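> Take this structure first; my questions come after.
The values are calculated or read from the model by the stated rules, or taken from the named source; none is laboratory data. Nothing here was measured: the structure is a model prediction, and the numbers come from that model. We place every Cβ from the backbone using ideal geometry, glycine too, and count neighbours over all the protein chains shown. Note: areas computed on protein heavy atoms with side chains; ligands, DNA, RNA excluded. Shrake-Rupley method; radii C 1.70, N 1.55, O 1.52, S 1.80 Å.
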Amino acid sequence: MHVPDGFLDAPTSVATGAVAVVAVGVSLRKAREELDDRTAPLAGLVAAFIFATQMLNFPVAGGTSGHLMGGAIAAVLVGPWTGVLATSVVFLVQCLLFADGGITALGTNIVLMGVTTVVVGWFVFRGVQAVLPRTTAMVPVAAGIGAFVSVPVAALLFVGLYAVGGAADIPLGQLTGAMVGVHVLIGLGEGVITFLAVGSIIAVRPDLVHGARSVLKTRTLEVRTAGAAA
């Protein structure tokens, strides 16, 4: 879904760029509430994981391919504010060093693949989490569902941006069908990858997963004296 230069007109690109700047600015302040000495290193690992997996494409349909967007997995692992920062760094590096997405479209790509997938993935995750049994085993399931939903929603937002300021000669109905159809399939892959990645961390260190904090059981320390034991 990396948008190239010139696909959207200048006013639309400027508007999405402004939204991206505000989102990143707010996230810089709010991320301090999500991170501590234990979880801060995980944020860097999440960004590296998203960057690496986005370099790997899997076939979907009609000769097209898809890759992980990473917003939902970032939100669940390190929190939504930190997730916005992690994905934004990935798209910035891809744009400047690998020409993946245009420079003038950088704000658009951050909004679509970063902010949107983080926000949608997180709220769907929390909604599903509220109706599932409150156990750590259900965290990967909710994360996978959130990831799946976030991808076609981001595709629909792109269609909306194109309807407002599209600079290419593509019929809107044709674009909508192609984007939603392909990204539903990509969303399935995203959901599976997210489920597996979150599940692997939950299995060994659930305390590091931001989305698992609300379901972890509080363990109380019992101190027994010799007299009490007797």
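> Which whole-number percentage describes the relative contact order of the chain, with Cα contacts under 8 Å and a sequence gap of 6 or more?
26
> Using alpha-carbon positions, what is the distance between the centroids of region 7-50 and region 117-170, in Å?
Each part's Cα centre sits 17 Å from the other's.
> Quick one: how many Å² of ASP207 are accessible to a 1.4 Å probe, rounded to 10?
For ASP207, solvent-accessible area is about 50 Å².
> So how do ILE193, ILE103 rank on accessible area, 1.4 Å probe, biggest first, that is with the largest at the start?
The most accessible residue leads, giving ILE103, ILE193.
> So with the 1.4 Å probe, I'd like the accessible area per residue for region 90-218, rounded to whole Å².
That works out to 44 Å² for each residue.
> Hey, another quick one. For the chain, what % of the accessible area comes from carbon and sulfur atoms, probe 1.4 Å?
The computed percentage sits at 69.
> Please list, by residue number, every one of the trypsin sites (Lys or Arg not before Pro) in region 1-109 that is coil in DSSP and has at most 16 other beta-carbon atoms within 10 Å.
Passing sites in region 1-109 are ARG38.
> Computed from these coordinates, which is Cα extents along the principal axes in Å: (1) 57, 44, 32; (2) 50, 35, 30; (3) 84, 34, 27?
(3)
> Taking a label point 7 Å from the Cα of VAL22 along the Cα→Cβ vector, which residues of region 106-130 have an amide N closer than 19 Å to it?
Counting only backbone N, you get 106-120.
> Taking the Cα centre of region 10-217 as origin, work out the dipole magnitude from +1 charges on Lys and Arg Cβ and -1 charges on Asp and Glu Cβ, in debye rounded to 20.
Result for region 10-217 is approximately 520 debye, rounded to the nearest 20.
> Let me ask another. Can you compute the helix-only [θ] at 222 nm over the chain? Use -39500 (n - 2.57) per DSSP H run of at least 4 residues, normalise by all residues, nearest 500 deg cm²/dmol.
So the calculated ellipticity at 222 nm is -21000 deg cm²/dmol.
> Of MET179, MET69, which has the most accessible area with a 1.4 Å probe, and how do the rest follow in descending order?
MET179, MET69
> Taking only complete DSSP H runs, can you tell me which helices of the chain stretch 15 Å or more along their own long axis by Cα positions and average at least 0.0 on the Kyte-Doolittle scale?
10-30, 40-54, 80-98, 117-131, 139-165, 172-204
> For region 90-143, just say rounded, prolate or oblate: build the C-alpha gyration tensor, square-root its eigenvalues into a ≥ b ≥ c, call rounded for a/c under 1.5, and beyond that prolate if a/b exceeds b/c, oblate if not.
prolate
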